[in-house]
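Student: Below are the structure tokens for one structure; questions will follow.
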Amino acid sequence: MLLYKDRRYVTWTVWAKGERYCLDCCVGCSRYMFPVTARLLARPVFRRMVSQQTVTQVKELIGEKPIFVASKTYCPYCRATLKTLFKELEIPESEAVVLQLDEMPDGPEIQEALFDINGQKTVPNIYIKGQHIGGNDDLQTLKKAGKLEGLLKEAIA
Ligand SMILES: N[C@@H](CCC(=O)N[C@@H](CS)C(=O)NCC(=O)O)C(=O)O
């Protein structure tokens, strides 16, 4: 087992049994927000790190179509997002890559890759034309501000 301190995120990386793990804290998001405080307060857990290959594949999926949504079938926020996009705003489903992570064998790894890419741990994890939007709250905020339709129109033009 080899331990070293990751200079970028003030976190610990561990190699064990040929796998790379990140000694993260149980609040998860601390990498970007409060690395030191969270580490003092939180119970450390091992988080499996994703391969660069998976990160690259996920980036390709994000860019494949105008809209990308990483979702889970049981998630009410995901359902709200998909309803807004495909029912209310009548975006053709063919314009989007929607991944139902809970139905995919590599879903957890894709979710970790998304966390590596944009720091978001939850689903839905939404992109429009390669731009990270965030979750359902962010999408609905854009909609309420009257900015979503324009963004989508531009994306699928
Ligand atoms: N405020 C977020 C809430 C999203 C959320 O809490 N999603 C849950 C699923 S319903 C989640 O991702 N939980 C962690 C997980 O499934 O890994 C949003 O509007 O998108």
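Each reported figure results from applying straightforward, stated rules to the coordinates on display, with no laboratory input. The model shown is predicted, which means the values in this text are computed figures rather than measured ones. With ideal geometry, Cβ positions are generated from the backbone for all residues, glycine too; neighbour counts draw on all protein chains shown.
Student: Rounded if a/c is under 1.5, else prolate if a/b beats b/c, else oblate: with a ≥ b ≥ c from the C-alpha gyration tensor eigenvalues square-rooted, which is segment 52-156?
Tutor: prolate
Student: Now a separate question. Placing unit charges on C-beta atoms (Lys and Arg positive, Asp and Glu negative, everything else neutral), compute the dipole magnitude of segment 52-156 about its Cα centre in debye, rounded to 20.
Tutor: Charge dipole, segment 52-156, about its Cα centre: 420 debye, nearest 20.
Student: Across segment 101-107, in residue order, what do the Karplus-derived ³J(HN,Hα) couplings come to in whole Hz, using 6.51 cos²θ - 1.76 cosθ + 1.60 with θ = phi - 60° and x for Gly and Pro?
Tutor: 4, 6, 10, 10, x, 9, x
Student: How large is ³J(HN,Hα) for each residue in segment 64-75, as worked out from phi by the Karplus curve 6.51 cos²θ - 1.76 cosθ + 1.60 (θ = phi - 60°), to whole Hz, x for Gly and Pro?
Tutor: Calculated HN-Hα couplings, in order: 5, 9, x, 10, 10, 9, 8, 9, 9, 4, 8, 8 Hz.
Student: How about Lys72: which aspartates and glutamates have a C-alpha closer than 18 Å to its C-alpha, ignoring those fewer than 8 places off in the same chain?
Tutor: Reachable aspartates and glutamates: Glu93, Asp102, Glu103, Asp106, Glu109, Glu112, Asp137, Asp138.
Student: Testing the spin-label approximation: label points 7 Å from Cα along Cα→Cβ at Gln140 and Arg79. State their distance in nm.
Tutor: The answer from the label model is 1.4 nm.
Student: Shifting gears a bit: Which aspartates and glutamates have a Cα lying under 15 Å from the Cα of Lys144, excluding residues fewer than 8 positions away in the same chain?
Tutor: Correct list for Lys144: Glu88.
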